[in-house]
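This report concerns only the one structure given below.
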Amino acid sequence: MDRKSFIELLGRFPSKRVLVVGDFILDEYLVGDTKRVSREAPVIVIDYKDSVYHPGGAANAVQNVTAVGAAAEASGVIGADHYGTVLKELLDRRGADTSGLVESSEITTAVKSRILAGDLHAQRQQVARIDRSYRLSRSSSPVEEVRRRAMDKIDRADVVLISDYAMGVVPGPVSEALIAAARKRGIPVVVDSRFDLPAYEGATVATRTRSSFLTR
């Protein structure tokens, strides 16, 4: 694609509405300075300075959609906790419609906490990462509520984007209903799945990772 075609394509985005369904993650960055080695173990002691938050997973897809000027509708599961509130507020600030997010007490919000540390006035580097995640069954009430809310929104969507990080939200009843409805309406379904592309048969396009493949 040449530059002119690419610019023309970007110019069409502000008129589009994208339904993003999947696994919503909060990226947390814990920032600090390193000053000494612990006397308790051969590890560095980090003097905490700040916490920075960014949308991750399907939430990052929502952020990217709004960055190119399109309208984004978010549908997935977050915990009824502090991190869920932070994630929802980040998406609200981007102008996304977050009414499709299901707040559930059955899970805690998925968070990837990266610890960034370094000497004073030096560039900080990631020294560790802590992941907090969940796994929902396809028949769980939060998953069913995601399916219901997403299906309520698909009639006004121009494209469906599915972001699957293997937390159990989208493969199965949710993806099958969305793909069938999208094909009926003639709108594309874009899938990003880390582990289970074959579960999205009938999608328009999908990213390919590991040895997964999409059959039509």
Practice prompt. Starting from the stretch 46-70, keep only residues that are in contact (Cβ under 8 Å) with a residue 40 or more places away in the chain and β-branched (Val, Ile, Thr), then list their pairs with residues that are in a helix (DSSP H, G or I) and crowded, with 20+ Cβ neighbours inside 10 Å whose Cβ atoms are within a distance under 8 Å, requiring at least 6 positions of separation or different chains.
Written response: Val62/Leu91
Practice prompt. Being out of contact with any helix residue (DSSP H, G or I) (no Cβ under 7 Å at 6 or more places or on another chain) and not hydrophobic (A, V, I, L, M, F, W, C) is the filter; apply it to the stretch 155-167 and report the residue that is surrounded by the most Cβ atoms within 10 Å (Cβ to Cβ).
Written response: Asp164
Worksheet, complete the sentence: Taking the stretch 148-182 and keeping residues of a type in the set (D, E, K, R), under 16 Å from Ile78 (Cα atoms) and not in a helix (DSSP H, G or I) leaves Asp164
Worksheet item: Within the set of pairs 6 or more residues apart or between chains, which connect a residue that is more than 24 Å from Lys153 (Cα to Cα) and surrounded by 15 or more Cβ atoms within 10 Å (Cβ to Cβ) inside the stretch 1-29 to a residue that is of a type in the set (D, E, K, R) and at pLDDT 95 or above with Cβ atoms less than 8 Å apart?
Response: Asp27/Lys112; Asp27/Arg114; Glu28/Lys112; Glu28/Arg114; Tyr29/Arg114
Worksheet item: Across the stretch 44-102, what is the number of residues that are closer than 18 Å to Val170 by Cβ, touching a helix residue (DSSP H, G or I) at 6+ places or on another chain (Cβ under 7 Å) and assigned to a strand (DSSP E or B)?
Response: 12
Practice prompt. Can you confirm whether the stretch 147-169 contains a residue that is in contact with a Leu (Cβ under 9 Å, 6 or more places away or on another chain), without any contact (Cβ under 8 Å) to a residue 40 or more places away in the chain and at positive phi?
Written response: yes
Worksheet item: Only one residue in Pro142, Pro198, Pro171 is at pLDDT 95 or above and more than 30 Å from Val37 (Cβ to Cβ), so which one is that?
Response: Pro142
Discussion item. Suppose we filter the stretch 68-87 for residues that are within 16 Å of Leu161 (Cα to Cα), of a type in the set (A, V, I, L, M), out of contact with any Lys or Arg (no Cβ under 7 Å at 6 or more places or on another chain) and modelled with pLDDT of 95 or more; how many remain?
Written reply: 3
Worksheet item: Which of the residues that make up the stretch 62-88 are farther than 18 Å from Ser113 by Cα and over 14 Å from the mean Cα position of the chain (by Cα)?
Response: Ala67, Val68, Gly69, Ala70, Ala71, Ala80
Practice prompt. Filter the stretch 103-126 for residues that are in a strand (DSSP E or B) and either charged (D, E, K, R) or surrounded by fewer than 18 Cβ atoms within 10 Å (Cβ to Cβ) (or both) and give the result.
Written response: Glu103, Lys112, Ser113, Arg114, Gly118, Gln125, Gln126
Discussion item. Going residue by residue through the stretch 206-214, is there one that turns out to be within 19 Å of the chain's Cα centre (by Cα), part of a helix (DSSP H, G or I), buried (at least 16 other Cβ atoms within 10 Å of the Cβ) and of a type outside the set (S, T, N, Q)?
Written reply: no
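The values are calculated or read from the model by the stated rules, or taken from the named source; none is laboratory data. The model shown is predicted, which means the values in this text are computed figures rather than measured ones. Every residue, glycine among them, receives a Cβ derived from its backbone with ideal geometry; neighbour counts consider all protein chains shown.
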